[in-house]
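Asker: Pasting a structure here, questions to come.
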Amino acid sequence: MNSAAVFAFTCPVKTNSGNKALENLPVELAGLNAVNPLVVANARAVGPKAVRTLMSAFGDSGMTLGLFEGVTEATDLGVVDHLKNICLEKKYDAFIALGGGKAADVAKVLNLAVSLKTPDARRLLPEAPVRKRLLPLVVVAAAGADGLETSQLACLSRMVFSSEWLAPALAVLDPRLARAKNGIQMAATGLAALGRAVESHISADQNPFRKAYSFAAIRFVRENLLSAVADPGNRKAALAVLNSAAMSGCAFSNAASGRLHKLGQVFYDLLGIPQGVIMGMGLPLVLGDALREGRYDLAALFQPLAGDDAFAQTPAEKRPEAALAMLNRFLEDLRSVLGKELPKSLREAGVPGYRKEEILDVLGQDEDGPYLRGVVERMADGERERKG
Amino acid sequence: MSIIKDVQSGRKPLKRAYVAIFLWFTGRAIQAAAKVDREVKKEFEKLPENFTFSLGCLPDGPWMVVGREKGVVKYLGGDSRGRPVQVRLAIKSLDAGFLILSFQESTTLATARNRLITDGEIPYALAIIRILDIVEVYLLPKLIASLAVKRYPSWWTPARKFGGRIGVYARTLLGI
């Protein structure tokens, strides 16, 4: 394996995964010197049963928990400021984010505001450096996770906060919470994990630690996503997909922000379309371009996607094309299970033309803007390969 | 009204009662087995004088405390306060304790799944696990004991197994 002479890798996330993993929470919190945690949840997204399951895991612990289950897609820094004041008054000493997406983002930014005792959370700026260790944050991943829960990023009010200290101290993955409402929710989780893991894996700056995470994330998705999508009640496969999402977040935190991630994030922020759906749409286009440009190490994708035997049997010079073909076949298999539920184009996803223009405007401000705008134009009609 | 609700963690009385009764009975059975079984006796003889160990669930019990006093192994109840404990085997939660003690998971599998914390010397902890395995073979029918121990001792003679079982049960019930 080629690796750069100098590299850095940080992953402060401890992972508890498997049967009854939630029940370890009281002991784990005690280990983090926390006795009075606040649970932050999007009850509508995860469902009341998930909240009950989490609360029952604290049975016999003698703890009193705060519960805020009112996170919505509209939750902004104003709500965070209100929550911060209550947290400081009630002296909560840890945060538990239940579910992925917005709940994890709100918990991270709330942790930042409470730990720094920010006078007004509405004035928090992503540029302001965080130089202090924050209170312990636990992420309890549930169906609908996107992998960013375990990352060092938090996106709120169209601002992206980034700091090593924002990453959770603990990620809990329990099969009871892994069951998705439907196949498309599971596919979105898996594709978001796959997209970020792939970008981290082929990134130009080599980092063996990061590759260990991204390799495992890609292989977990490859081996389990189809089963999990075909049968959302398959707890083993669903848990494996949640694991891959958690690993992709750790890998992604140590890589430069990729093109697929940017696409997914913009569509999620502006239109609420799950990031995985957009990343699945853009994956063949972005990797196809990468293959033509020869900028990225696409051959590295072949082993986690195809397995060790196929990797050994394929000549090195054919591995980039083989990896891309395998990825395209995987996406086709996924579409054959989900049918129209997994859109091939922005039109099928129901994105109207005027919203597309809005997306293009936002992407135009990015350093990869011209390229990403081109990808969006090609995604609009579902073009799979650049013609000519 | 605050947007944050305070929720008091509930109780799990049935699981707690099951684990407490199991630990109480096993504690007495260890005391009995130390008198009946040569292998258990030998394991205890290798441990230091006044050696005490506890097994139970975090964060709030129940616990089982067993100690060796003047060469005699004794079940010392469920409270270790006031006694120095050399080895503490702590199961991370009551639910994990229930999984292990209802034989849904063997001790070795539970250890592999990170459900146990050992506070003390590892060789002593391993001796305790070996003793627990022998006691479980005496107390439980083969079908259930096979789930609880790493390897069921098929090489035991019927005399040792059935004779020992009668001795362990009788002494456990009588508390001698």
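Asker: Using modelled amide H (1.01 Å from N, peptide plane; none on Pro or chain starts), what sits under 5 Å from the amide H of B:I117, excluding residues fewer than 5 places away?
Answerer: Here B:A90, B:I91, B:K92 satisfy the definition.
Asker: May I pose another question? With each run of n ≥ 4 DSSP H residues scored as -39500 (n - 2.57), what mean residue ellipticity at 222 nm is computed for chain A after dividing by its residue count and rounding to the nearest 500 deg cm²/dmol?
Answerer: Working: 16 runs with 201 residues, N = 388.
Theoretical 222 nm ellipticity from helices: -16500 deg cm²/dmol.
Asker: Separate question: For region A:14-178, what relative contact order do you get, as a whole percent, if you take Cα pairs closer than 8 Å and at least 6 residues apart? Working shown, then result.
Answerer: Working: 313 pairs, mean separation 47.6, N = 165.
About 29 percent, as a whole number.
Asker: Would you mind telling me the antiparallel percentage of the DSSP bridges in region A:100-253, rounded to 5? If you can, show how the numbers build up before the last one.
Answerer: Values: 4 of 8 bridges.
Here the antiparallel bridges make up roughly 50 percent for region A:100-253.
Asker: So which of A:K49/A:K236; B:K12/B:K41; B:K12/B:K150 end up more than 25 Å apart by C-alpha? Could you put the intermediate results ahead of the total?
Answerer: On the way: A:K49/A:K236 19 Å; B:K12/B:K41 36 Å; B:K12/B:K150 29 Å.
Checking Cα-Cα distances, B:K12/B:K41; B:K12/B:K150 exceed 25 Å.
Asker: Other chains' Cβ within 10 Å of B:93-102 residues: what's the mean?
Answerer: Working: counts 12, 5, 9, 6, 1, 2, 3, 0, 0, 0.
Per residue, the average neighbour count from other chains is 4.
Asker: As an exercise, use a Förster radius of 60 Å and the Cβ-Cβ distance of B:W24 and A:A325 to find the FRET efficiency, rounded to the nearest 0.05. Walk me through the numbers on the way to the answer.
Answerer: Numbers: r = 63 Å, r/R0 = 1.06.
Plugging the Cβ-Cβ distance into 1/(1 + (r/R0)^6) gives 0.40.
Asker: Calculate, for B:I3 and B:A159, the FRET efficiency according to 1/(1 + (r/R0)^6) with r their C-beta to C-beta distance and R0 56 Å; round to the nearest 0.05.
Answerer: Details: r = 69 Å, r/R0 = 1.24.
Calculated value: 0.20.
Asker: While we're looking at this one, here's another question. Provide the percentage of antiparallel DSSP beta bridges, counting only those with both residues in the protein assembly as shown; round to the nearest 5.
Answerer: Working: 22 of 47 bridges.
The antiparallel proportion sits near 45 percent.
Asker: Taking chain A as a Gaussian network, Cα atoms linked when under 10 Å apart, which of A:A171, A:A245, A:A230 shows the biggest mean-square fluctuation?
Answerer: Evaluated over chain A, the most mobile residue of the options is A:A230.
Asker: Right, another one. By average Cβ neighbour count within 10 Å, what is the ranking of A:304-316, B:90-102, B:29-41 from highest down? Provide the component values of the computation, followed by the final result.
Answerer: Details: A:304-316: 14.2, B:90-102: 23.1, B:29-41: 20.7.
Top of the packing list down: B:90-102, B:29-41, A:304-316.
Asker: Please give the charge dipole size of region A:152-259, origin at the Cα centre, charges +1 on K and R Cβ atoms and -1 on D and E Cβ atoms. Round to the nearest 20 debye.
Answerer: Here the size comes out at about 220 debye.
Asker: Positive end of the charge dipole of chain A (Lys, Arg +1 and Asp, Glu -1 on Cβ, about the Cα centre): tell me which of A:G144, A:L191, A:C155 has its Cα farthest that way.
Answerer: A:G144
Asker: Mind checking which of A:L334, A:P320, A:G294 is farthest towards the positive end of region A:287-344's charge dipole, using Cβ charges of +1 (Lys, Arg) and -1 (Asp, Glu) about the Cα centre?
Answerer: The Cα lying farthest towards the positive end belongs to A:L334.
Asker: Could I ask something else about it? To one decimal place, what orientation-averaged projected area in nm² is obtained for the convex hull of the Cα set of region A:14-178? Present the calculation step by step, with values, prior to reporting the outcome.
Answerer: Values: hull surface 33.6 nm².
For region A:14-178, averaging the hull's shadow over all directions gives 8.4 nm².
Asker: Name the shape class, rounded, prolate or oblate, that the alpha-carbon gyration tensor gives for region B:1-112, where a ≥ b ≥ c are the square roots of its eigenvalues, rounded holds for a/c under 1.5, and otherwise prolate holds if a/b is larger than b/c and oblate otherwise.
Answerer: Prolate is the answer for region B:1-112, as a/c is 1.5 or above and a/b outweighs b/c.
Asker: Which of these, A:V375, A:V130, A:V172, has the largest mean-square fluctuation under a Gaussian network model of chain A (Cα springs below 10 Å)?
Answerer: Comparing A:V375, A:V130, A:V172 in a Gaussian network model of chain A, the most mobile one is A:V130.
Asker: Can you give the convex hull volume of the alpha carbon atoms of chain A per residue, in Å³? All intermediate terms of the calculation are to be shown ahead of the outcome.
Answerer: Numbers: hull volume 53.7 nm³, N = 388.
Enclosed volume per residue, from the Cα hull, is 138 Å³.
Asker: Quick one: net charge around B:Q31, please, counting Lys, Arg +1 and Asp, Glu -1 for every other residue with C-beta under 9 Å from its C-beta. List each step's numbers first, then the result.
Answerer: Working: positive: B:R28, B:K35, B:K74, B:R171; negative: none.
Result for the local shell: +4.
Asker: Could you check the simple spin-label distance between A:N182 and B:A170, using points 7 Å along Cα→Cβ, in nm with one decimal?
Answerer: Placing both labels 7 Å along Cα→Cβ, they lie 6.9 nm apart.
Asker: If the only charges are +1 at each Lys and Arg Cβ and -1 at each Asp and Glu Cβ, what is the size of the charge dipole of the protein assembly as shown around the Cα centre, to the nearest 20 debye? Each step should come with its number before you reach the end.
Answerer: Working: 73 positive and 57 negative charges, 478 e Å.
Dipole of the protein assembly as shown, to the nearest 20 debye: 2300 debye.
Asker: Where a ≥ b ≥ c are the square roots of the eigenvalues of the C-alpha gyration tensor, would you call region A:63-140 rounded, which needs a/c under 1.5, or, failing that, prolate if a/b is larger than b/c, or oblate? Walk me through the numbers before you get to the answer.
Answerer: Working: a/c = 1.36, a/b = 1.17, b/c = 1.16.
Cα axes put region A:63-140 in the rounded bin.
Asker: Now for a separate question. Relative contact order for chain B using alpha-carbon pairs under 8 Å, separation at least 6, rounded to a whole percent? Present the calculation step by step, with values, prior to reporting the outcome.
Answerer: On the way: 244 pairs, mean separation 42.3, N = 176.
Normalised by residue count, the contact order of chain B is 24 percent.
Asker: Determine the gain in length on full extension of the stretch A:E357-A:L270; use 0.36 nm per residue of separation and subtract their C-alpha separation, reporting nm with one decimal.
Answerer: On the way: separation 87, 0.36 × 87 = 31.32 nm, distance 1.15 nm.
Value of the extension gain: 30.2 nm.
Asker: What does a probe at A:S56 reach in region B:6-41, counting residues whose amide N is under 13 Å from the point 7 Å along Cα→Cβ?
Answerer: B:10-15
Asker: Still on this structure, please answer the following. Straight-line reach from A:K90: which lysines have Cα under 25 Å away, leaving out those fewer than 8 places along the same chain?
Answerer: A:K102, A:K108, A:K117, A:K132, B:K5
Asker: Applying the Karplus parametrisation 6.51 cos²θ - 1.76 cosθ + 1.60 with θ = phi - 60° to the phi angles of region A:184-197, what ³J(HN,Hα) value in whole Hz is obtained for each residue in order, glycine and proline being reported as x?
Answerer: 5, 5, 5, 4, 4, 4, x, 6, 5, 5, 4, x, 6, 5
Asker: Shifting gears a bit: How about B:K142: which aspartates and glutamates have a C-alpha closer than 17 Å to its C-alpha, ignoring those fewer than 8 places off in the same chain?
Answerer: B:E105, B:D133
Asker: Using a ≥ b ≥ c from the Cα gyration tensor of region A:183-380 (square roots of the eigenvalues), is it rounded, prolate or oblate, where a/c under 1.5 gives rounded and otherwise the larger of a/b and b/c decides, a/b for prolate? Write out the running numbers ahead of the final one.
Answerer: Details: a/c = 1.59, a/b = 1.20, b/c = 1.33.
Oblate is the answer for region A:183-380, as a/c is 1.5 or above yet b/c matches or exceeds a/b.
Asker: How long are the semi-axes of the equivalent ellipsoid of region A:1-89, taking √(5λ) for every eigenvalue λ of the Cα gyration tensor, in whole Å from largest down?
Answerer: For region A:1-89, the semi-axes come out at 29, 21, 16 Å.
Asker: Now for a separate question. So what is the relative contact order for chain A, in percent, with contacts set as C-alpha pairs under 8 Å and at least six apart?
Answerer: On the way: 713 pairs, mean separation 56.8, N = 388.
Dividing the mean separation by the residue count of chain A yields 15 percent.
Asker: Roughly how many whole Å is it from the C-alpha centroid of region B:24-60 to that of region B:72-95?
Answerer: Region B:24-60 and region B:72-95 have Cα centres separated by 10 Å.
Asker: Given Cβ point charges of +1 (Lys, Arg) and -1 (Asp, Glu) and nothing else, what value in debye, to the nearest 20, does the dipole of region B:13-174 about its Cα centre take? Spell out each step's value before the answer.
Answerer: On the way: 25 positive and 14 negative charges, 78 e Å.
For region B:13-174, the charge dipole is close to 380 debye.
Asker: At 7 Å along the Cα-to-beta-carbon direction for both A:T72 and A:E348, put a label point, then send me their distance in nm to one decimal.
Answerer: 3.2 nm
Throughout, read-outs are computed from the coordinates displayed, never taken from laboratory work. Nothing here was measured: the structure is a model prediction, and the numbers come from that model. Glycine gets a Cβ as well: all are built from the backbone with ideal geometry, and neighbour counts include every protein chain shown.
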